[in-house]
Number of protein chains: 2
Amino acid sequence: MQSPQYLRNGEAPQRLPPHFHSTVSVQKLRRFNTLILVFRFASFCFCLSSSIFMFTNSRGSNFPNWTDFQAFRYVLAANAIVTLYSFAEMGVSVWEILTGSTVLPETLQVWFDFGHDQVFAYMLLSANAAGTAMAWTLNGQDTCTASNAFCIQSYISIALGFAGFLFLGFCCLLSGFRVVCFIIYGSRFHL
Amino acid sequence: MQSPQYLRNGEAPQRLPPHFHSTVSVQKLRRFNTLILVFRFASFCFCLSSSIFMFTNSRGSNFPNWTDFQAFRYVLAANAIVTLYSFAEMGVSVWEILTGSTVLPETLQVWFDFGHDQVFAYMLLSANAAGTAMAWTLNGQDTCTASNAFCIQSYISIALGFAGFLFLGFCCLLSGFRVVCFIIYGSRFHL
C-alpha cells in the first residue's frame, strides 16, 4: 500500500519512485533503529547478568543448588534464551543501521521482530514471576538459614531478569510501532 | 485521518459524508464485536471459576489455607481483577453491538481496551506462573500429604487461570487489530 500523501499533494503516484526516501526520514529511521539497539543492548546485559548470577548460584554439595528448584531452572533458561535472542537482534539492528536494509525481507522482518518480542516478553515475565514465588517460599525456610548467600544471589538474579523484561517490553513497543508503520505505509521508512 | 480509498476512486472527499458506513462493513463490525464478546465471556467464566476455586480452598484451621501462601493470594487477586474487567468489557461490547457506538469516545475506547488487555494479560500470566511455582514446591512437601485436596484444588484454580489468560490473549489480539484499523482509517468501521 502506498502512502496517501502522494495523492493528497495532487501529484500522480508515478512521479515519485515507489521507494523514495527523503534524507529526513532516513535520519529518523536511523535514530529509531539506534534507540531499538540501545534497548536491545540493555536487555542483553540484564538477561546475561541474570543468567550468570543464577548459573553460578551453587556452593558445593552440602549447600542448596539452583538445579534443585524447577522455578530457578526456568529463570535461567528463559534469561539465557532472551540473551541469545537479544544478541541476534542487536546484530540485525547494527546491520540495518549500517546498510539501511533489513536482513530478512522487510515484511518478514517487522513481523518476526514483533512476534518474537511479544512471546519472549511473556516467557521472561512468567519465568521471573515463578522465580519470585519460589524465592518468597524459601525466604523463611531452612534453605535460606543454611546459606543466606544462595537466597540473596537468587534475588539479584530475579531482579536483573525483571530489568531485562522491562527493556524487552520497550523493544516490543517499538517493534509494534514499526509493524503499524509498515501496515499503514507499506514501508518502515515512513516515521 | 480519512480513508485513502475515497481519493483512489477519483471522487472528491466531500461527496461522501465523513462517517459513511456501508451495510457490509456494519455487519462485519457486528460480527467482529460478537467474536470479542465471546472471548471476553470465556475469559470471564474461566477467571471467575479460578477465583472461586482459590477462594474456597480452605478446610478448617487444622489444614492449609490459601491465605498462607503469597503466590496463591496473588493468583486470586489477579483472577478477580480480570473477572471484573471482563465483566465491564462485556457490557461495553454488548452496548456497542446494540447501539453501534462506543461508550467512551472512539479514540479513547480503542486505546483503553488494548492497553488494559495488554497489562492485565501480563498480570494474569505472572500470577499464574507464580502460583505454578508455588504448587510445584508444595507438591512433595507435608502440605500436600496433610491435605491432598488442597493441592488439587490449587492446581485446578491455576489451570483455569491459564485458560482465562489464553482468552484474554485472544481479546488482546483483536483489540490490537482494532487499534491498527483505527490508526489506518481513523475509524473502527473499516474492517
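Applying a 4.7 Å cutoff between beta carbons, the unpaired cysteines of the protein assembly as shown are A:CYS45, A:CYS47, A:CYS171, A:CYS172, A:CYS181, B:CYS45, B:CYS47, B:CYS171, B:CYS172, B:CYS181. Solvent-accessible area of B:VAL92, all protein chains in place: 30 Å² (probe radius 1.4 Å, heavy atoms, ligands and nucleic acids excluded).
Comment: the Cα-to-Cβ extended label point of B:LEU104, at 7 Å, lies 3.3 nm from its counterparts in the other copies, nearest first. When nucleic acids and ligands are ignored and a 1.4 Å probe is applied, A:ILE52 ends up with an accessible area of around 90 Å².
Relative to the dominant Cα principal axis of chain B, helix B:70-99 is inclined by about 30°. Distance from the C-alpha centroid of region B:90-154 to that of region A:44-75: 29 Å, rounded to the whole angstrom. Take A:ASN139, push a point 7 Å out from Cα through the beta-carbon direction, and compare it with the same point in every other copy: 2.4 nm, smallest first.
Convex hull volume of the Cα atoms in chain B, per residue, in Å³?
Working: hull volume 20.4 nm³, N = 191.
Dividing the Cα hull volume of chain B by its residues yields 107 Å³.
Size descriptors for the protein assembly as shown: radius of gyration and Dmax over Cα atoms are 24.9, 82 Å. Global size of region A:19-127: 17.9, 67 Å for Rg and Dmax (C-alpha atoms, Rg to one decimal, Dmax whole).
Between A:VAL38 and A:PHE63, the modelled label-to-label distance comes to 3.9 nm, taking each label 7 Å out from Cα in the direction of the beta carbon.
Over the Cα atoms of region A:100-191, the radius of gyration divided by the Kirkwood radius equals 1.24; this is the Rg/Rh ratio.
For A:VAL103, nonlocal amide neighbours, meaning residues 5 or more places apart or on other chains whose placed amide H falls under 5 Å from its own, do not occur. Among the protein heavy atoms, those of A:THR99 account for about 80 Å² of accessible surface (1.4 Å probe, every chain in place). What angle, in degrees between 0 and 90 and rounded to the nearest 10, separates the Cα long axis of helix B:23-55 from the longest principal axis of the Cα atoms of chain B? The helix B:23-55 is inclined about 10 degrees to chain B. Placing a label point 7 Å from the Cα of B:THR23 along the Cα-to-Cβ direction, the distances to the matching points in the other copies come to 5.6 nm, shortest first.
The values are calculated or read from the model by the stated rules, or taken from the named source; none is laboratory data. Remember, it's a predicted structure, so these values are computed and weren't measured experimentally. When we count neighbours, we look across all protein chains shown, and the Cβ atoms used for this are built from the backbone with ideal geometry, even at glycine. Side chains included, ligands, DNA and RNA excluded: accessible areas come from the protein's heavy atoms. Shrake-Rupley method; radii C 1.70, N 1.55, O 1.52, S 1.80 Å.
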